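Peer 1: Following this message is one structure expressed as structure tokens.
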Amino acid sequence: MIKKIGILTSGGDSPGMNNAIRSIVLSSIKLKIKIIGIFDGFLGLYKNRMIKLNFKSVFNLINIGGTFLRTSRFPKFVKKKIRLKSIKNLISSKIDALIIIGGNGSYMGAKCLHEMGFTCICLPGTIDNDINGTDYTIGYSTALENIVKSIDSLRDNSSSHQRISIVEIMGRNCGDLTLNSAIAGGCDFIILPEIPYNFLNLINNIKNKINLGKKHLIIAITENICNIKKLAKYIEITTKKETRTTILGYVQRGGIPIAYDRILASRMGFFAVELLLKGYSGKFIGIKNDKLIFHDIDYAFKKKKKIFKKKWMENIQKIF
Ligand code: F6P
């Protein structure tokens, strides 16, 4: 019988995390379940940084990005003695179950706790959209909007100066943010981790576009593929066209969550409480064709099904 639930947010923050917390708090209160917030992710769990939450704790959170419970990356959680101390903290606060909002790394922590006998459910909170088994993660859609706005701004500069602009987009090893923001932002070239890119072809394609009359170009590339400063130098030398770089960085992760993320987080938060009450543990929640679903945590670590096929990508490149 679940009488008290703990919530924590872990890993990179993402817009909508507050909405998930709010939904968990409000639905727990309705169901007469006590609710405890754990600050700073797994680090705060280990350090016993806990606070009782009530409906006042989530006032005016609906349109606030980030996470008011704060977050951290805490690789030391792999150590068993750190996890044992964390479980001791949970037990001494009489917490029966934990809801963890975060990405793949956070799921590792949840899986370990579950295997040690502690009840856990995870929600997908990351801008990267890199979790297998869910169409969308909380924060992805807001980050996508942020990126498209930035590409629009970049277009002004690129076109005024008639430059080539390279824009580096987050996603870790997942190209969803890059692909979709590049389509929405009308970028000329898209370089993704999932599809090997031939940089010699890139140069030829840039030259072709210039010959066709293009005065400025935007290249969207996912982080961790190459050093974009070096790439810019290489393009500038080989095409004789001024080339500038922009790393969008953490602005992508911030700001007011858009309606889709607020709704997704609210639905998932309520569903997490429901699953706990039904006796589930070691699961994460996803959304498929607008329907909430859940899987074993391990399923999240499997290679994510690509949202695009090579052929489709080739067609996109032809359009731009
Ligand atoms: O997982 C979200 C993410 O923003 C990735 O896109 C990025 O690679 C990483 O986090 C950055 O991590 P940190 O916040 O630890 O610098």
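Peer 1: Sticking with the crude label model, points 7 Å out along Cα→Cβ, report the distance from K52 to L277 in nm, one decimal please.
Peer 2: According to this spin-label approximation, the distance is 2.2 nm.
Peer 1: Could you give the length gained by full extension between F68 and I91, i.e. 0.36 nm per residue of separation minus their alpha carbon distance, to one decimal place? Before the final figure, lay out the partial values.
Peer 2: Details: separation 23, 0.36 × 23 = 8.28 nm, distance 2.37 nm.
Stretched fully, the F68-I91 segment lengthens by 5.9 nm.
Peer 1: Right, another one. Please sort 130-140, 32-42 by packing, taking for each peptide the average over its residues of neighbouring beta carbons within 10 angstrom, highest first.
Peer 2: 130-140, 32-42
Peer 1: Let me ask something else about it. I'm a student and want to see the number: the projected area of the Cα convex hull of the range 100-169, averaged over all directions, in nm².
Peer 2: One quarter of the hull surface, i.e. the mean projection, equals 5.6 nm².
Peer 1: Quantify, in whole percent, the carbon and sulfur part of the accessible surface of the range 141-253 (1.4 Å probe; protein heavy atoms only).
Peer 2: That fraction is 51 percent.
Peer 1: Name the shape class, rounded, prolate or oblate, that the alpha-carbon gyration tensor gives for the range 1-71, where a ≥ b ≥ c are the square roots of its eigenvalues, rounded holds for a/c under 1.5, and otherwise prolate holds if a/b is larger than b/c and oblate otherwise.
Peer 2: Since a/c reaches 1.5 but b/c is at least a/b, the shape of the range 1-71 is classed as oblate.
Peer 1: Continuing with the same structure: Average the reciprocal distances over every distinct pair of alpha-carbons in the range 220-288, invert the result, and give the Kirkwood radius in Å.
Peer 2: Answer for the range 220-288: a Kirkwood hydrodynamic radius of 16.4 Å.
Peer 1: Follow-up. Ignoring ligands, DNA and RNA, what accessible area per residue does the chain give at 1.4 Å, in Å²?
Peer 2: Numbers: 15100 Å² over 320 residues.
Result: 47 Å² of accessible area for each residue.
Peer 1: Let me ask something else. If you line up the long axis of helix 199-211 against the longest principal axis of the chain, both from Cα atoms, how many degrees apart are they, to the nearest 10?
Peer 2: Helix 199-211 sits at roughly 50 degrees to that axis.
Peer 1: Taking the Cα atoms of the range 28-162, report the difference between the largest and smallest coordinate on each principal axis, in whole Å and largest first.
Peer 2: 63, 35, 27
Peer 1: Using a Gaussian network model of the chain whose springs link C-alpha atoms within less than 10 Å, name the residue from L98, L53, L84 with the highest mean-square fluctuation.
Peer 2: L84
Peer 1: Working from Cα positions, state the angle (0 to 90°, nearest 10) between the long axis of helix 228-239 and the longest principal axis of the chain.
Peer 2: Once rounded, the angle reads 10 degrees.
Peer 1: Starting from 0 in steps of 10 Å, tell me what percent of the Cα-Cα pairs of the range 141-253 lands in each bin.
Peer 2: Taking all Cα pairs of the range 141-253, the binned fractions are 15, 51, 30, 3 percent.
Peer 1: To continue, here is another question. Taking the highest mean first, how do the peptides 112-123, 260-271 order by number of other beta carbon atoms within 10 angstrom per residue?
Peer 2: The most tightly packed comes first, giving 260-271, 112-123.
Peer 1: Still on this structure: Compute log10 of I(q)/I(0) for the range 61-115 with the Debye formula, placing one identical point scatterer on every Cα and leaving out solvent, at q = 0.17, 0.18 Å⁻¹, to two decimals.
Peer 2: -0.64, -0.71
Peer 1: Using a Förster distance of 56 Å, how high is the FRET efficiency between N208 and D296, based on the Cβ-Cβ distance and rounded to 0.05? Kindly include the intermediate steps, with their values, before the conclusion.
Peer 2: Details: r = 48 Å, r/R0 = 0.86.
Result of the calculation: an efficiency of 0.70.
Peer 1: Based only on Cα atoms, what Rg/Rh ratio does the chain have, Rh being taken as Kirkwood's radius?
Peer 2: Details: Rg = 21.7 Å, Rh = 20.7 Å.
Rounded to two decimals, Rg over Rh is 1.05.
Peer 1: Taking only Cα atoms, what is the 0 to 90° angle, nearest 10, from helix 80-92's long axis to the longest principal axis of the chain?
Peer 2: Here the helix axis deviates by roughly 50 degrees.
The values are calculated or read from the model by the stated rules, or taken from the named source; none is laboratory data. All values derive from a computational prediction rather than experimental measurement. When we count neighbours, we look across all protein chains shown, and the Cβ atoms used for this are built from the backbone with ideal geometry, even at glycine. Ligands, DNA and RNA are excluded from the accessible area calculation, which covers all protein heavy atoms including side chains. Shrake-Rupley method; radii C 1.70, N 1.55, O 1.52, S 1.80 Å.
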